Each structure stands twice: as structure tokens, then as C-alpha cells.
1. Compute the FRET efficiency between Lys148 and His197 as 1/(1 + (r/R0)^6), taking r as their Cβ-Cβ distance and R0 = 25 Å, and round to the nearest 0.05.
2. What does the highest-first list of 162-168, 6-12 look like by mean Cβ count within 10 Å?
3. What is the projected area of the convex hull of the Cα atoms of segment 58-126, averaged over all directions, in nm²?
4. Give the residues of segment 10-37 whose amide nitrogen is closer than 20 Å to a point set 7 Å from the Cα of Tyr73 in the direction of its Cβ.
5. Please list, or write none, the lysines whose alpha carbon is within less than 20 Å of the alpha carbon of Lys148, excluding same-chain residues fewer than 8 places away.
6. Accessible area per residue for the chain in Å², computed with a 1.4 Å probe and the full protein assembly in place, what is it?
7. Considering only protein heavy atoms, with the full assembly of protein chains and a 1.4 angstrom probe, order Trp151, Trp94 by accessible area, largest first.
8. Quote to one decimal, in nm, the extra length available between Ala116 and Asp177 on full extension: 0.36 nm per residue of separation minus the C-alpha distance between them.
Amino acid sequence: MPVLHQMHVSGNCYKVRLAARQLGSAIVLKDYGLHDGSTRTPEYLAKNPNGRVPMLEFEDGRTLAESGAILWYLSEGTPLAPADRWGRAEALKWMFFEQYSHEPYIAVARFWLAFAPKNELDKKLHLVPEWHAKGNAALGVMQTHLAKHDWFAGGRYSIADIALYAYTHCAADGGFDLDAYPAIRAWTKRVAAEPGHIPLSLAW
């Protein structure tokens, strides 16, 4: 059975858990600590030289890192992957947007403001206004799209929604006010109502 190397509070790892649960894909979780350096050991780096989670490890020894790549692998040929060429391109567009314009600010603000030791946070406080400005810009892009569409790709719930939902629905942890984005609020409720949905906090 594939092993998901993960940290439970990580939104990137939550994406994979959520997709796997909704697809009925059997996986085993191997948890790592947030501050203990366990993803920087020689053993882990031999499997993923980037030293990050999530990483999906298969029975034959192959490993697949990066949450978007894992989502794409798990969803191929399933209802979570858009069936047509344009829908798949849309999904990739939003998944790239999430990693480049969304996650670096919304997820980073969440980590530092909610999980980092205070003495380390103090060194980063000068960056908070930038995180909030650029994170809110990304939320504005999502709000504009969701004001006209229920979902992000292919006209239905897909891995594009999972990718964006993971850090958006808990953005308040990083100091973002989702009440300013009513279309996003409505979309998060639609995502949470999808069959097989599990919250970030739920143990597998």
C-alpha cells in the first residue's frame, strides 16, 4: 500500500489526504514533526532530496513528491480530473496559480503566525504586510472567478478546487478575513459538502 509521508497540519499534505479519501484510494500515513528536522535526515533525503512533504512512496520503491503532481497522479481517469483537454489545462492553470501566487503568501503567513516559535516569528514580522497584500491579491483573483463560476476547472469539482481549498479555507490562521470574499465563502461551503470530504484536522 502506498505510504504518504506527511505533516498533518500542512495544507499541501491535506490536499493529498482529501483527494485519496474522496477517491477511495488506500494509503498509509507516516507523520513527521513540524520542527524536528525529520525530513532533513539522510534517510529521508535519499527518497526526496528536496526534504519536504508530502511525498508518496510506492511498494516498488518509487517516490513522488510535490502535492500537485501527487494530485494529478491520483486523479487520472477519475471524476476529480477534468475529462477534456481544455478542462485539464484549466485545472493546471489554477494549480500553478495556487503554488506561485497563493501558497507563498497565504500558507506562509499561516505557518509563521500560527505555528512558528515566537522568537522566530519576531524575525519575520516585517514581512507580514507583504504576505497579506499579495495573499489578498490572490484571493481577489479567486473571488472574481467564483463570482461567475461554481468551480475552478471543467465546470465541476476537481483537483483544482482541492488544491486551492487546502490553504484558503484556513486562511484566517494567517490573518486573512474571508468575510471580505463572499464568493469564496460560498465555494468553501460547496467543497465541504462534497461526498467524502474530510476536514484538515481529521485523523486518517
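The values are calculated or read from the model by the stated rules, or taken from the named source; none is laboratory data. Just so we're clear, the structure is a prediction, and the values are computed from it rather than from any experiment. Cβ: placed from backbone, ideal geometry, glycine included. Neighbour counts: every protein chain shown. The accessibility values were calculated without ligands, DNA or RNA, using every heavy atom of the protein model including side chains. Shrake-Rupley method; radii C 1.70, N 1.55, O 1.52, S 1.80 Å.
1. Approximately 0.55, to the nearest 0.05.
2. 162-168, 6-12
3. For segment 58-126, averaging the hull's shadow over all directions gives 7.1 nm².
4. Within reach of a label on Tyr73: 10-32.
5. Within the straight-line limit of under 20 Å, Lys148 reaches these lysines: Lys93, Lys189.
6. Dividing the accessible area of the chain by its residue count gives 49 Å².
7. Trp151, Trp94
8. 19.9 nm
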